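Below you'll find the structure, written out as structure tokens, and then a few comments.
The values are calculated or read from the model by the stated rules, or taken from the named source; none is laboratory data. The structure presented is a predicted model; accordingly, all values stated were derived computationally and were not measured. Cβ sites come from the backbone with ideal geometry, for glycine too, and all protein chains shown count toward neighbours. In case anyone asks, the SASA skips ligands and DNA or RNA and just uses the protein heavy atoms, side chains included. Shrake-Rupley method; radii C 1.70, N 1.55, O 1.52, S 1.80 Å.
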Amino acid sequence: MKLAIIGAGYVGLVTAACFAEMGNEVICVDTDQAKVEALELGRIPIYEPGLEDYVKRNFQDNRLFFTTDLAPAVQRSLVIFIAVGTPQDQDGSADLSMVLQVARDIGRHMDGYKVIVEKSTVPVGTAAQVRRVITEELEARGEAFEFDVVSNPEFLKEGTALDDFMKPDRIVVGCEDVRVAELMKELYGPFLRTHQPIIIMDVVSAELTKYAANAFLATKISFINEIANICSMTGANIKMVRQGIGSDRRIGNLFLFPGLGYGGSCFPKDMQALIHTARSLGYPPRILEAAEAVNQDQRRIFLEVIRHYFMNDLTGKVVAVWGLSFKPQTDDIREAPALTVISRLLELGARIQAHDPEAMTATRQYLGNNPAVSFAASAYEALEGADALVICTEWTKFREPDFERMKSLMKGPVIFDGRNLYNPDKMAKLGFAYFHIGQKLDP
Ligand SMILES: NC(=O)c1ccc[n+]([C@@H]2O[C@H](COP(=O)([O-])OP(=O)(O)OC[C@H]3O[C@@H](n4cnc5c(N)ncnc54)[C@H](O)[C@@H]3O)[C@@H](O)[C@H]2O)c1
């Protein structure tokens with residue numbers, strides 16, 4: 001099939017590469033000229049394991065093309081995926097300006113029947129808005145081409161995006177027409193060889209499904225963090241409690257790790273958008289608001305522990321930070337807990353020596369030229385002369401470090417572990433002051 005994917009970000013680029021891998025002819029459109037030029041040279045603008053191979057192979061085999069020019073991409077494609085960003089607006093709602101701009105551009109340039117697919121995460125009612133905008137543009141041109149708007153939310157996770165896309169748990173398609181449903185089944189058929197379902201539903205339900213999925217997962221994270229906070233007051237061991245509840249199949253042990261809370265480009269903004277939708281309909285979504293509040297508090301509680309340890313004075317203290325991305329296996333720092341932690345530590349007078357395997361370039365850009373922050377080429381280099389280590393992201397390479405070497409490099413053997421990577425008893429034996437999430441603290 002001939003496909004256009006509008007937006008070459010984490011979702012758009014993966015979608016484009018995976019559809020091309022299955023033999024479709026795919027044009028990926030992005031307004032960012034530098035990004036398109038880099039992609040044409042085989043340079044992948046994001047870190048996503050395995051993506052480079054897919055992009056290079058399909059580009060070389062002439063199944064995957066990149067352009068900044070939307071018009072020809074729309075004209076030569078039957079199915080057009082909108083995969084641009086939907087960031088949080090000032091009032092918490094999803095900012096749909098990029099999605100609607102793309103819809104307008106499609107309406108300006110389409111020259112026959114098209115299927116327009118919402119791949120971006122968009123609130124209930126967006127498909128109707130997309131339809132309206134395209135119709136307006138067609139009317140202005142005096143044209144009456146038919147088109148369908150489909151909701152096909154994406155459930156991939158950064159870090160395992162290719163695997164998630166190639167072997168999805170399910171595909172959700174919201175559409176009002178059986179022929180379009182058949183077309184979508186044909187398109188996704190090669191990804192569903194091992195009996196995962198393609199779930200066809202109405203458009204509004206598909207739009208809401210994506211938010212409901214993210215809200216449930218975010219709530220699960222806040223739930224275990226709340227239990228960890230109760231552990232820290234009662235002396236219960238959060239690791240054991242987690243195992244005890246996670247082994248119940250009704251609960252499951254995924255997304256049940258206590259830590260600094262959720263961040264990233266999806267959960268925080270999608271929770272806010274769903275809260276905004278519910279509130280604007282006159283329904284206060286109490287569970288969602290509580291999950292958000294717990295998430296915000298999680299970073300504050302962690303920082304309080306650090307502040308308390310240093311008796312409110314971090315002036316001149318050197319703090320090593322391991323992990324900057326919002327989770328491992330990605331360079332994405334959007335809403336990363338590490339950024340909040342670093343900003344607060346800087347306000348308290350600390351100097352930061354940070355290390356992350358993939359996210360240092362993005363963090364350097366985000367923080368600007370701050371003389372109090374330096375970036376270390378290795379995790380151990382970040383520890384040189386450090387008064388403490390703060391762990392913000394659970395990259396695999398931080399899991400089994402050489403603790404003796406760490407101690408020899410640090411000024412003070414103190415670790416504040418925001419991801420509960422180590423065994424507290426072992427750390428005590430090794431001579432570290434070790435603080436983790438859910439730990440019982442002295443009053
Ligand atoms: N990142 C994820 O893990 C993930 C997972 C599932 C769903 N989503 C959703 O998918 C959508 C895209 O997310 P993302 O992380 O890929 O965003 P992104 O910011 O990484 O990429 C968006 C891309 O769209 C491009 N763009 C903006 N306006 C454009 C236009 N008018 N024409 C062409 N290109 C344009 C930008 O230059 C950028 O390259 C969002 O709605 C997000 O919520 C993201």
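Would you mind classifying segment 279-357 by shape? Square roots of the alpha carbon gyration tensor eigenvalues, ordered a ≥ b ≥ c; an a/c under 1.5 is rounded, otherwise it is prolate if a/b is larger than b/c and oblate if not.
Working: a/c = 3.24, a/b = 1.61, b/c = 2.01.
Because a/c hits 1.5 or more and a/b fails to exceed b/c, segment 279-357 counts as oblate.
Using θ = phi - 60° in the Karplus curve 6.51 cos²θ - 1.76 cosθ + 1.60, the 3J(HN,Hα) couplings for segment 428-438 round to 5, 4, 6, x, 9, 7, 10, 10, 9, 6, x Hz; x is entered for Gly and Pro.
Using only the Cα atoms of segment 181-305, build the gyration tensor, take square roots of its eigenvalues as a ≥ b ≥ c, and label the shape rounded, prolate or oblate: rounded if a/c is under 1.5, else prolate if a/b is larger than b/c, else oblate. Because a/c hits 1.5 or more and a/b fails to exceed b/c, segment 181-305 counts as oblate.
Let me make sure I get this right: for the chain, a, b and c are the square roots of the gyration tensor eigenvalues over alpha carbons, sorted descending. Under 1.5 in a/c it's rounded, otherwise prolate if a/b > b/c, else oblate. Which is it? Verdict is prolate for the chain.
Largest accessible area first, the residues ASP417, ASP297 order themselves as ASP297, ASP417 under a 1.4 Å probe with ligands, DNA and RNA left out. Ligands, DNA and RNA left out, the accessible area of segment 284-443 computed with a 1.4 Å probe is 50% carbon and sulfur.
A Gaussian network model of the chain, with springs between Cα atoms under 10 Å, assigns the largest mean-square fluctuation among GLY42, GLY252, GLY418 to GLY252.
The residues of segment 221-269 expose, per residue, 53 Å² of accessible area to a 1.4 Å probe. Distant-in-sequence amide contacts of PHE375, defined by a placed amide H-H separation under 5 Å and a gap of 5 or more residues or a different chain, comprise ALA354. By the scheme Lys and Arg +1, Asp and Glu -1, what is the net charge of all other residues having a beta-carbon under 11 Å from that of ILE275? That sum, taken over residues with Cβ under 11 Å, equals -1.
Once the 1.4 Å probe is applied to the protein heavy atoms, segment 1-67 comes out at 41 Å² accessible per residue. Straight-line reach from LYS185: which lysines have a Cα under 24 Å away, not including same-chain ones fewer than 8 places off? Of all the lysines, those that pass the test against LYS185 - Cα under 24 Å, at least 8 places apart if same chain - are LYS2, LYS114, LYS119, LYS157, LYS167, LYS210. Membrane-span-like helices in the chain (whole DSSP H runs, Cα extent of at least 30 Å along the helix axis, mean Kyte-Doolittle hydropathy of at least -0.5): 203-234, 286-309. The residues of segment 358-401 expose, per residue, 49 Å² of accessible area to a 1.4 Å probe. When the solvent-accessible area of segment 64-103 is split by element, carbon and sulfur atoms take up 51 percent of it, the probe being 1.4 Å. With the highest mean first, a sort of the peptides 138-145, 34-41 on other beta-carbon atoms found within 10 angstrom per residue produces 34-41, 138-145. Pairs to check: LYS239/LYS397; LYS35/LYS317; LYS220/LYS407. Give those whose C-alpha atoms are more than 30 Å from each other in this structure. Check vs 30 Å cut-off fails for LYS35/LYS317; LYS220/LYS407. Note on segment 217-273: with neighbouring protein chains present and a 1.4 Å probe, carbon and sulfur make up 63 percent of its accessible heavy-atom surface. The mean sequence separation of alpha-carbon pairs under 8 Å and at least six residues apart, normalised by the residue count of the chain, gives a relative contact order of 12 percent. Here the Gaussian network model covers the chain, with springs between Cα atoms less than 10 Å apart; of ASN237, ASN214, ASN369, ASN369 fluctuates the most. Only the Cβ atoms of Lys and Arg (+1) and of Asp and Glu (-1) were treated as charged; on that basis the dipole of the chain about its Cα centre amounts to roughly 1280 debye. Mean-square fluctuations from a GNM of the chain, with a 10 angstrom spring cutoff on Cα atoms, peak among ASN229, ASN370, ASN58 at ASN370.
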